[in-house]
1. Of everything in the range 202-227, what is within 27 Å of L311 (Cβ to Cβ) and either in a helix (DSSP H, G or I) or among the small types (G, A, S) (or both)? Give them in sequence order.
2. Out of curiosity, is V26 within 28 Å of F367 (Cβ to Cβ), modelled with pLDDT of 95 or more and out of contact with any Lys or Arg (no Cβ under 6 Å at 6 or more places or on another chain)?
3. Consider A298 carefully, then state whether it is surrounded by fewer than 14 Cβ atoms within 10 Å (Cβ to Cβ) and part of a helix (DSSP H, G or I).
4. Given the criterion in the same structural domain as G189 (by TED's automatic domain parsing) and either over 23 Å from V317 (Cα atoms) or small (G, A, S) (or both), identify the matching residue among R226, R232.
5. Please pick out the residue among V317, V339, V345 that is in contact with a strand residue (DSSP E or B) (Cβ under 6 Å, 6 or more places away or on another chain) and either free of Cβ contacts under 8 Å to residues at least 40 places away in the same chain or among the hydrophobic types (A, V, I, L, M, F, W, C) (or both).
6. What's the number of the only condition in (1) crowded, with 18+ Cβ neighbours inside 10 Å; (2) of a type outside the set (D, E); (3) modelled with pLDDT under 90 that V203 fails to meet?
7. For the condition surrounded by fewer than 21 Cβ atoms within 10 Å (Cβ to Cβ), farther than 30 Å from L322 by Cβ and at pLDDT 95 or above, what is the one hit in T175, T163?
8. Is it true that some residue in the range 25-32 is farther than 15 Å from H92 by Cβ, surrounded by fewer than 16 Cβ atoms within 10 Å (Cβ to Cβ) and in contact (Cβ under 8 Å) with a residue 40 or more places away in the chain?
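The values are calculated or read from the model by the stated rules, or taken from the named source; none is laboratory data. None of these values were measured; they are calculated from a predicted model. Every residue, glycine as well, gets a Cβ built from its backbone with ideal geometry; the counts of neighbours run over all protein chains shown.
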Amino acid sequence: MTGMRIALVTSHAGRTAVTGLARALVRGGHDAVVYTRRDAARLAERERTPDGYEVVRVTLGQARPMSEDAAWSYTNELARFLHREWNERPPHIAHTHGTMAGLAALLAAREQKVPVVHTHDEPDPERERVERLVCRHAARVVATSNDQVTGLCRMGVPRSRITVVPAGVDDRESTGTTERRPGLVSLLGIGELRSGHGFDTVVAAMADVRDARLVIAAPVETLDRRTSQEARRLRQFAVQFGVGDRVSVVGAATRADVIGLLRSADLVVTTPRQDPAGVFALEAMAHGLPVVAAAVGALADAVVDGVTGRLVPPGDVPALALTLRELVANPARREAFGVAGADRVRARYGWNRVVSDTVLVYQRAQFVHA
């Protein structure tokens, strides 16, 4: 089959899952264009990246950072822009990430009859009705975990139109040397400092986990106006539990910071109330690290309990503390989990496998839309 033209539309500027997919599509012989929000005047409106895909940054209102709530008021503007673009050269598939992007693409694609594939988002409760509408009208829906499939069926999406394609991981970043230091066992938590992140559970568990230190890092692409406030609250929380000297919070970790932290960690712990993609756990596994995770969402799929790490009930401080104590005291088991996790990522979550599964979804969407 000849290469397809794929329009990747995201309402989240800088979403790494979209850029990773674009790179993989180009490597597979397809043409990819990423449509995203222009959130700084210094950024070009159009450019071809070194990886071969095009980025089109749409100015919605003003070229400045804005919250997701503010961006919603520009849904029709984004739809009109996409309609003009696709009227000149329609893509074979529009693949959307984010509820706003899905709605805008559905509006734009009606006249050109472009099939829309939507990766299921889990928005704030006030947007759930719109997400349900987008999923019901998309040609195909991509779920990133088996847990999402159940939720989509409850929303009224036919099971026959849902395909599970997990998040992809670029394991090329995991080839550097490790930088682990002697002394306390280094635990690492990576994620958004937002409601439901679960870091409170980890900090509370640290009171019963001796011989370990914890670093909590929020990647810079996840930052919003609440991040610094939440970072301060977590530091105070650690002091209240008597572990302030063994817990540190990095509120704006660059990509280089994250890679450095992964290379210096002994174990990654992630216990959110929900995680639709499990990206940070997968990156840890790619780096050969054992993962202790809450048994929710994509984490329950990615982490094989007792093989690549351990799964614990979400919010269960005693269970988490017990699991961490066991692994802190057992370096051989940590190493075995890490080796198994790296093998699992290469086999199931590498971009070559993920893009192959995604292209099959595109082909099915074309068939349904024909």
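1. First, pick out the residues of the range 202-227 that are within 27 Å of L311 (Cβ to Cβ): 202-219, 221-222.
Answer for the range 202-227, where residues must be within 27 Å of L311 (Cβ to Cβ) and either in a helix (DSSP H, G or I) or among the small types (G, A, S) (or both): V202, V203, A204, A205, M206, A207, A212, A217, A218, E221, T222.
2. Values: within 28 Å of F367 (Cβ to Cβ): yes; modelled with pLDDT of 95 or more: yes; out of contact with any Lys or Arg (no Cβ under 6 Å at 6 or more places or on another chain): yes.
Taking the combined requirement at face value, the residue satisfies it.
3. Details: surrounded by fewer than 14 Cβ atoms within 10 Å (Cβ to Cβ): no; part of a helix (DSSP H, G or I): yes.
For A298, the condition - surrounded by fewer than 14 Cβ atoms within 10 Å (Cβ to Cβ) and part of a helix (DSSP H, G or I) - is not met.
4. Numbers: R232 fails: either over 23 Å from V317 (Cα atoms) or small (G, A, S) (or both).
Just a single option satisfies the conditions, and that option is R226.
5. Values: V317 fails: in contact with a strand residue (DSSP E or B) (Cβ under 6 Å, 6 or more places away or on another chain); V339 fails: in contact with a strand residue (DSSP E or B) (Cβ under 6 Å, 6 or more places away or on another chain).
The unique qualifying residue is V345.
6. V203 satisfies every listed condition except (3).
7. Details: T175 fails: at pLDDT 95 or above.
T163 is the lone residue from the list that is surrounded by fewer than 21 Cβ atoms within 10 Å (Cβ to Cβ), farther than 30 Å from L322 by Cβ and at pLDDT 95 or above.
8. First, pick out the residues of the range 25-32 that are farther than 15 Å from H92 by Cβ: 27.
From what's left, surrounded by fewer than 16 Cβ atoms within 10 Å (Cβ to Cβ): 27.
Restricting the remaining residues to those that are in contact (Cβ under 8 Å) with a residue 40 or more places away in the chain gives 27.
Yes, there is a match, as at least one residue in the range 25-32 is farther than 15 Å from H92 by Cβ, surrounded by fewer than 16 Cβ atoms within 10 Å (Cβ to Cβ) and in contact (Cβ under 8 Å) with a residue 40 or more places away in the chain.
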